[in-house]
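Let me begin by presenting the structure, written as C-alpha cells, before commenting on it.
What follows is calculated from the coordinates using simple rules that are stated; it is not laboratory data. Being a predicted model, the structure only gives us computed values, none of them experimental. Methodologically, a virtual Cβ is constructed for each residue, glycine included, from the backbone with ideal geometry; neighbour enumeration extends over all protein chains shown.
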Amino acid sequence: MRLSFRDFSVDLSRKTLIMGILNVTPDSFSDGGIYYDADTAVEHALEMIDEGADIIDVGGESTRPGSAPVTVREEISRVVPVIEKLAGRIGVPISIDTYKAEVAGAAIDAGAGIVNDISGLRFDDRMSKVVSENNVPVIIMHIKGTPKDMQTNPAYENLIGEIMQYLEESISIAENDGIPSDKIIIDPGIGFGKTFEDNLEIIKRLAEFKKLCRPILVGPSRKSFIGRILGDALPLERTEGTAAAVAVSIMNGADIIRVHDVKEMAEVVKVADAIKSGAIV
C-alpha cells in the first residue's frame, strides 16, 4: 500500500509512519504557546524530523475540548509562514491540520502536501473540492459535535458502528468530489466526542476499521484518557502511557501514529513493527 504526496511517495506496508505534531497555537492542551513563534516552530519541526518524523502536521487552531474557533485570517497568519519556511528545507511531507477550506488552500499554496480534517469533510463543504483540485491526500476523522461541545456527555448506541458509518459517508463525500480512493486516510478520532471507555474500546477494536480498506491514523498522544489511567497525570507526564497506546494501536492495525514525542515514539514504533512483522524493519 503506497501513499503519494506532492513530491513524495511512501510505502505503508514497510513501516508505521510517524506524524509529528507542530501546534502553532497559544492554547493547545499540552504545548500551547511553546511553538507559537514561527522560527521556534520551524526549529522544532527540524528536530522532530531528525528524531524520525515521517510527516510534520502543522496546526493553527486548538481543537482541545471546549476550545473556540479562530478566524480564517488568524489561522492562516499562524500556519503559512511556518509552512513556507519548512517547504524548501525538509525532505518529508507537510500536513495542514484544519477543517477550513480557505486555510487548507493557503497552506497547500505555501507547500503543504496533505490535509488533516478533524471534521471528516463535514464542517466546510468546500474542503473536499480544495483537496481534489490540488490532488493531495486527506485524513478524514470522526468527531461527534464540535471541539467546543464534543465532550459534553457524548453517547453512542453502537460506538464502532456509528464511527464506521460516519467515515464511510465521509469517504463517499471525498470520492464524489473526485478525491482518489488511494489518497484517503481514516482516523477514528480518539478524544473527539468520546468517553474514557470509548477511547479504550476504539484502540482495542481498531482492526475492525480495516474493513474500510484505507490507511488508519491514530492520535492518542498525551490525551486525557491516558492521564486518567495513570492517576491524573498531567499531559507532559503521559509519555510512557502514550507509548503503550501507540504500541497497541500498531499491533491492532494503525498505519500512521500522530504524536508529540517523536524521539521516544520512534523507538516504540521500531519495536512494535519488528514484533508485528517478525523482523527488524
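Given the options Ala254, Ile226, Ile18, identify the residue whose Cα lies farthest towards the positive end of the charge dipole of the chain (+1 on Cβ of Lys, Arg; -1 on Cβ of Asp, Glu).
Working it through, the farthest residue towards the positive pole turns out to be Ala254.
Can you pull the one-decimal nm distance between simple spin-label points at Asp50 and Ala207, each 7 Å off the Cα toward Cβ?
Placing both labels 7 Å along Cα→Cβ, they lie 4.0 nm apart.
Once label points are set 7 Å from the Cα along Cα→Cβ at both Ala87 and Arg228, what is their separation, rounded to one decimal in nm?
4.1 nm
Using a cut-off of 13 Å between alpha-carbon atoms, which aspartates and glutamates can reach Lys263, once sequence neighbours fewer than 8 places away in the same chain are excluded?
Within reach: Glu47, Asp50, Glu51, Asp54, Glu240.
Treating only the Cβ of Lys, Arg, Asp and Glu as charged (+1, +1, -1, -1), what charge dipole size does the stretch 164-281 show about its Cα centre? Round to the nearest 20 debye. It would help to have the intermediate numbers written out before the result.
Values: 15 positive and 18 negative charges, 44 e Å.
With Lys and Arg at +1 and Asp and Glu at -1, about 220 debye.
What does the charge add up to near Ala207, with Lys and Arg as +1, Asp and Glu as -1, over the other residues with Cβ less than 14 Å from its Cβ? If you can, show how the numbers build up before the last one.
Details: positive: Lys204, Arg205, Lys210, Lys211, Arg214, Lys276; negative: Glu201, Glu208, Asp255.
Every neighbour counted, the sum reads +3.
Let me know the charge dipole size of the chain about its Cα centre in debye, to the nearest 20, where only the beta-carbon of Lys, Arg (+1) and Asp, Glu (-1) is charged.
540 debye
Which helices count as membrane-span-like in the chain under these terms: full DSSP H, at least 15 Å along the axis by C-alpha, Kyte-Doolittle mean of -1.0 or more?
On the way: long enough: 38-51 (20 Å, -0.11); 72-87 (21 Å, 0.35); 159-176 (26 Å, 0.28); 239-251 (18 Å, 1.22); 262-277 (21 Å, 0.35).
Span-like helices here: 38-51, 72-87, 159-176, 239-251, 262-277.
For the chain, modelled as a Gaussian network with Cα springs under 10 Å, which listed residue fluctuates most, Lys194, Lys211, Lys15?
Greatest mean-square fluctuation among the candidates belongs to Lys211.
Rounded to the nearest 500 deg cm²/dmol, what is the calculated helix-only ellipticity per residue at 222 nm for the chain, with -39500 (n - 2.57) per DSSP H run of length n ≥ 4?
Taken over the chain, the calculation gives -12000 deg cm²/dmol.
Among Met127, Gly91, Asn153, which residue has its Cα furthest toward the positive end of the charge dipole of the stretch 58-180, with +1 on Lys/Arg Cβ and -1 on Asp/Glu Cβ?
Gly91
Considering the chain as a Gaussian network with a 10 Å cut-off on Cα pairs, which listed residue, Val218, Val262, Val70, attains the greatest mean-square fluctuation?
Val70
Just for the chain, what percent of DSSP beta bridges are antiparallel, to the closest 5? Before the final figure, lay out the partial values.
Details: 3 of 29 bridges.
Within the chain, antiparallel bridges account for around 10 percent of the total.
Any of Lys100/Lys270; Lys85/Lys183; Lys204/Lys276 with alpha carbons more than 27 Å apart? Name them for me.
On the way: Lys100/Lys270 34 Å; Lys85/Lys183 25 Å; Lys204/Lys276 16 Å.
Flagged as over cut-off: Lys100/Lys270.
Only Cα pairs under 8 Å and at least 6 apart count here; give the relative contact order of the chain as a rounded whole percent.
On the way: 556 pairs, mean separation 51.5, N = 281.
Once divided by the residue count of the chain, the mean separation gives 18 percent.
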